[in-house]
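The values are calculated or read from the model by the stated rules, or taken from the named source; none is laboratory data. This one's a predicted model, so the numbers in the text were calculated from it and none came from an experiment. Positions of Cβ are generated from backbone atoms using ideal geometry, with glycine treated the same way; all protein chains shown enter the neighbour counts.
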Amino acid sequence: MTRKNVSQIRFLNNKGETVNVNVFDIIGPVMIGPSSSHTAGAVRLGRVVNKLIDDRPLKKLEITLSGSFAKTYKGHGTDRALLAGIMGYKSYSPEIRDAHEIAKKRGIDYSFLKENIKGAHPNTARIQYFLEDGTDGMMQGASIGGGNILVQRINGMNVDFNGENTTILVMHEDKPGVIASVTNMMHWEYEDLNISNFHLSRQEKGGEAIMTIEIDGLPPETIVDEIRGIEHVKNAILIKRV
Amino acid sequence: MLKYNSVNELAIEAEKRGITISELAIEDQAESMEISPLELYEKMEVNFEVMKQSVSEGMKKDQKSMSGLTGGEGYLMNSYAQNSGGGLCGDFLSKAIAKALAVAGCNASMGRIVAAPTAGSCGILPGCLVSLYEDRNFDEKTLIMSMFTAGAVGMVIANRASIAGAEGGCQAECGSAAAMAAAALVEVMGGTPSACADACAMALSNQMGLVCDPVAGLVEIPCIKRNVSGLVIAFSCADMALAGIKAKIPCDECIDAMKEVGDAMASTLKETAGGGLATTPTGIKLKEKVFDE
């Protein structure tokens, strides 16, 4: 195996670290109103699902709103924001306002449910998606203020990431050595890649498991294919800053 | 690299080097973000462009919020300013008021805005700067540069206190926005960095204690009109500083006081819609109207 040239790795900022408040955190972001938590943050939660779907045709959505999201979604356009994010729009896309119409035009059968998800943050959404190819999945996350989000569950398993850093999700079988295979490959192939956070969750021993790997900087897209090629790995998804 | 934990230090450093706060900030941000000053300027230029668009978008006659509780305020105020020869405030200020209303209304109707520093207080800085551009023919480059001064002041407030209504009440949102705008206004008028700091201090003092009490929890009532008071405070404090009036309490101490007041504020008055205007009989009726349909 040959090590890839370090210069192929693009970093988000100077040292691949999370930067402190900068001038554009204050004068910015450019966003669709009215609320950073109930609108912009909701778009970002939707965008996590968009990454999970990965361009496969979407058939049906069941979106559960909890807490303040359930109470005030209409006035804040939280429903439109979530839909727009799932369809790939960004928190500054003017299309957010017309998300219902766009989803209908795309033939997506969507519904919103109000339910108090026990123990969840006040601004929580649970999104279940069903694809044309027969697969389905779910994501649960919270908008925790100022447009910041926390993704807490994917496919029934606990995860923990905020969509600020580059995150790699690895869905795999719970077998000995899979974590080592993935992290060894990452270190060997991309020597400058630094893991800043790691979280593992599984449904049951020997069952389906998910690794949440947050890394400094931005690796080349090819890293996902390389992880997918590892034995017992079912899928890998790269989520850049959403 | 600058730490952005004191407005006073920013002013002293800028004066020592004979430059403006914006020049100091853009140089520092370029270094810490590893982006050239020109690229930073161009990014800010995009923000100014969006601000101008939010003004015209929100000025439309049929502008209406998602909830239907508010809408058309910018249009009404602008028409009044034109038809009444400027009303009581005079042509320039009444048109600036219309612009602040327009941008805050644009936000409430799911239009595109620049959070400055937040979505709820997004009308104040554009209300001030777009007015100078459109109605007083100020040089666009000077106005865009002054947004770095506004940003630098906002960073200090964020580091020392808070810019979130949920943490510090409206004083942290519209109060911060007015302080940021006041500093920017002094700079575009050619005032010294320490006059910028004075304007900032006076703007913060004038909104000390303002609670965040949105009706139905929506960024509409009273938020849209509080953008107007923020704008008027920014203009008046900038003019006072330019006239040579000093802030008696230094800016950094005002920020600390704002934090102390915010910490002492009941949680019902910090964006929870649990008190103030939100729980008046009419506030509750409006809430029911929006959510019980």
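Scan the range A:191-208 and give yes if some residue there is under 17 Å from the mean Cα position of the chain (by Cα) and touching a residue at least 40 places away in the same chain (Cβ under 8 Å), otherwise no. The answer is yes, given that some residue of the range A:191-208 is under 17 Å from the mean Cα position of the chain (by Cα) and touching a residue at least 40 places away in the same chain (Cβ under 8 Å). Looking across the range B:134-147, the residues that are under 19 Å from B:G230 (Cβ atoms) and touching a Phe, Trp or Tyr at 6+ places or on another chain (Cβ under 8 Å) come down to B:D135, B:L143, B:M147.
Residues that are under 16 Å from the mean Cα position of the chain (by Cα) and crowded, with 20+ Cβ neighbours inside 10 Å are absent from the range B:260-269. Residues considered: B:G190, B:G230, B:G217. Of these, the only one that is out of contact with any helix residue (DSSP H, G or I) (no Cβ under 7 Å at 6 or more places or on another chain) and not basic (K, R) is B:G190.
Before we move on, is B:A181 within 14 Å of B:A238 (Cα to Cα), of a type outside the set (V, I, T) and within 14 Å of chain A (Cβ to nearest Cβ)?
Criteria met by B:A181.
The residue pairs whose first member lies in the range B:137-148 and is among the acidic types (D, E), whose second member is in a helix (DSSP H, G or I), and whose beta carbons are closer than 7 Å, counting only pairs six or more residues apart or on different chains, are B:E140/B:Y133.
Tallying residues that are more than 15 Å from B:E173 (Cα to Cα) and part of a helix (DSSP H, G or I) within the range B:261-281 yields 8.
Listed conditions (1) in a helix (DSSP H, G or I); (2) modelled with pLDDT of 95 or more are all met by A:W188, apart from (2). The helices (runs of 4 or more DSSP H) found wholly in the range B:7-78 and carrying at least 2 residues that are within 12 Å of chain A (Cβ to nearest Cβ) and touching a strand residue (DSSP E or B) at 6+ places or on another chain (Cβ under 9 Å) occupy B:37-58.
For the range B:101-121, does any single residue satisfy the condition of being away from chain A (no Cβ under 12 Å), more than 14 Å from the chain's Cα centre (by Cα) and either surrounded by 21 or more Cβ atoms within 10 Å (Cβ to Cβ) or under 19 Å from A:D25 (Cβ atoms) (or both)?
Of the range B:101-121, the ones away from chain A (no Cβ under 12 Å) are B:101-102.
Okay, now just the ones that are also more than 14 Å from the chain's Cα centre (by Cα), so none.
No, because not a single residue in the range B:101-121 is away from chain A (no Cβ under 12 Å), more than 14 Å from the chain's Cα centre (by Cα) and either surrounded by 21 or more Cβ atoms within 10 Å (Cβ to Cβ) or under 19 Å from A:D25 (Cβ atoms) (or both).
Against the condition under 18 Å from the mean Cα position of the chain (by Cα) and not polar (S, T, N, Q), how does A:V49 come out, does it pass? I'd like the intermediate steps shown before the answer.
Numbers: under 18 Å from the mean Cα position of the chain (by Cα): yes; not polar (S, T, N, Q): yes.
For A:V49, the condition - under 18 Å from the mean Cα position of the chain (by Cα) and not polar (S, T, N, Q) - is met.
With respect to (1) closer than 26 Å to B:K287 by Cβ; (2) more than 14 Å from chain A (Cβ to nearest Cβ); (3) crowded, with 24+ Cβ neighbours inside 10 Å; (4) within 15 Å of the chain's Cα centre (by Cα), the lone exception for B:K225 is condition (3).
Return the residues of the range B:180-218 that are of a type in the set (D, E) and within 19 Å of B:E9 (Cα to Cα); say none if nothing qualifies. Step through it out loud before you land on a result.
The initial filter retains those residues of the range B:180-218 that are of a type in the set (D, E), namely B:187, B:198, B:213.
If the condition is that a residue be of a type in the set (D, E) and within 19 Å of B:E9 (Cα to Cα), then B:E187, B:D198 are the ones that fit.
Every test in (1) without any contact (Cβ under 8 Å) to a residue 24 or more places away in the chain; (2) more than 14 Å from every other protein chain (Cβ to nearest Cβ) is passed by B:L204 save one, and that test is (1). The set of residues in the range B:236-252 that are in contact with a helix residue (DSSP H, G or I) (Cβ under 7 Å, 6 or more places away or on another chain), surrounded by fewer than 23 Cβ atoms within 10 Å (Cβ to Cβ) and within 24 Å of B:F92 (Cβ to Cβ) comprises B:M240, B:L242.
Would you call A:I102 under 30 Å from B:S54 (Cβ atoms), in contact (Cβ under 8 Å) with a residue 40 or more places away in the chain and not charged (D, E, K, R)? Answer is no for this residue. Can you find even one residue in the range A:155-169 that is over 14 Å from the mean Cα position of the chain (by Cα), of a type in the set (V, I, T) and more than 30 Å from B:V219 (Cα to Cα)? No.
Taking first residues from the range A:214-226 that are surrounded by 15 or more Cβ atoms within 10 Å (Cβ to Cβ) and partners that are of a type in the set (S, T, Y), the Cβ contacts under 6 Å between residues at least 6 apart in sequence or on separate chains come to A:E214/A:T167; A:E214/A:S196; A:I215/A:T166; A:D216/A:S196; A:L218/A:T166; A:P219/A:Y190.
Taken together, the residues in the range B:79-116 that are outside any helix (DSSP H, G or I), over 17 Å from A:T78 (Cα atoms) and hydroxyl-bearing (S, T, Y) amount to 1.
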